[in-house]
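To keep things clear, I will list the structure first and then write my remarks on it.
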Amino acid sequence: MNTTRRTALAMVAGLALAGTGTGAAAQDMPAPFDNPSEVRIALVRYLSTGDFFQAYLSGVERQAEALGVDLRVFDSRQDAALQADMVDQAIALGVDGIVIQHGLTESMREAAQRAVDAGIKVVAFDVNVENEAIPQIEQSDFLLGKLALEQAIEDNGDSWDAGYVYVPGIAPLDRRHAAWEEIKAANPGIREVAQMGTLDNPIANSNANQARSVLQANQTISVFFAPYNEFAKGVKIAVDEAGLNQDVSIYSADVSTADIAAMREPDSAWKATVATNPAVVGEVSVRALAIMLAGGDPGAQVIVPPTLITQDFLNENDITNMEDLSAKMPQFAHADVAMTDWMPLPPR
């Protein structure tokens, strides 16, 4: 391991958050949560740039605090080798459980297995580690993509030229890609005339650079499928700069307060997104891990159902932020997933 990587590991290992616990009293909770301050869990992140990932982290932190456990956060900033090293660092620290958040299958498969071999409980969010012992936390990414595309067809008919943003090898994007392929096969009038996409930081600006060239070279594009909100932000930048905001419609996945503002701009090209509340997904990730630590089984797949959010709905209900959205869409504020009678929830 090089010096830079050691330094990064040392820095993230210091990001510990000890919760005080709310809800059920510790004496009413099963072991090891009858002594929660002795329980240590780690969040090992691959992606962290953007509102979605900040909200996800806040959900992880809130649920960890409600349980009263010690949370360690490791952030690899899209360095696959570093993320694998961080799993090993968490193992060395003697954590009881690990949440792996995003990453690449080829780099995380063996690291996740090492954690399991060490007796550590592991859950994985939006990364396929190909391990039957590790539950997959998902947003039903296929449905995220399908609902967005069905709205695109409702708005634009079933015959249009499309631009598509995709980076293969990322589990949620691969699942959303399956929906895109299915929709194209069922609607031969939908033509993919250009594909682009990058996860280089800053993600939105990097994709805006690509989208500028795509729009210039493919002037028949009337719909852009950008199934990740940072992708959609980048496409919107390019569409606005080209003055095409009334000629191109953008459909995406995921949502944040900044996205809501962008969708509600006058004549915004961003027509709809499909999303779960990332903070809720973070809470579910920790709850699923807690169930395993208490000897239970959350299931091989823990799925948080998504919600279609249209520009019209946002405008009609004067929604300006995630709090408004949760108030107007109760299913967005909480997911009754990975729940037990003894599990304390964060305050609402």
**Prompt:** How long, wide and thick is the chain, going by the Cα atoms along their three principal axes, in whole angstroms, largest first?
**Reply:** 61, 46, 33
**Asked** Rg to Rh ratio, the range 23-98, alpha-carbon atoms and Kirkwood radius?
**Response** 1.04
**Asked** For the range 141-275, treating each Cα as an identical point scatterer without solvent, what Debye log10 I(q)/I(0) comes out at q = 0.20 1/Å?
**Response** -1.18
**Item:** Volume per residue of the C-alpha convex hull in the range 213-348, rounded to whole Å³
**Value:** 114 Å³
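Tally Lys and Arg at +1 and Asp and Glu at -1 over the other residues with C-beta under 13 Å from the C-beta of Ala124: what net charge comes out?
-1
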**Asked** In percent, what relative contact order does the range 128-231 have, based on Cα pairs under 8 Å that are 6 or more apart in sequence?
**Response** 35 percent
**Request:** Order these peptides, 67-77, 279-289, by their mean beta-carbon neighbour count within 10 angstrom, highest first.
**Result:** 279-289, 67-77
**Asked** For Lys233, which lysines qualify as cross-link partners when the Cα separation must be under 18 Å and same-chain residues fewer than eight apart are set aside?
**Response** Lys271
**Message:** With +1 assigned to the C-beta of every Lys and Arg and -1 to the C-beta of every Asp and Glu, and no other charges, what is the dipole magnitude of the chain about the Cα centre in debye, to the nearest 20?
**Reply:** 640 debye
**Fill in**
The summed charge of the Ala178 Cβ neighbourhood (under 12 Å; Lys/Arg +1, Asp/Glu -1) stands at 0
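Considering only DSSP beta bridges whose two residues both sit in the chain, what percent are antiparallel, to the nearest 5?
15 percent
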**Fill in**
To the nearest 10 degrees, the tilt of helix 141-156 (Cα long axis) against the first principal axis of the alpha carbons of the chain is 20 degrees
**Prompt:** For the charge dipole of the chain, defined by +1 on Lys and Arg C-beta atoms and -1 on Asp and Glu C-beta atoms about the Cα centroid, which residue among Ala262, Val44, Val286 has the Cα displaced farthest towards the positive pole?
**Reply:** Val44
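Here, each number is a calculation from the coordinates, and none is a lab measurement. Because the structure is a prediction, the values reported are computed rather than measured. When we count neighbours, we look across all protein chains shown, and the Cβ atoms used for this are built from the backbone with ideal geometry, even at glycine.
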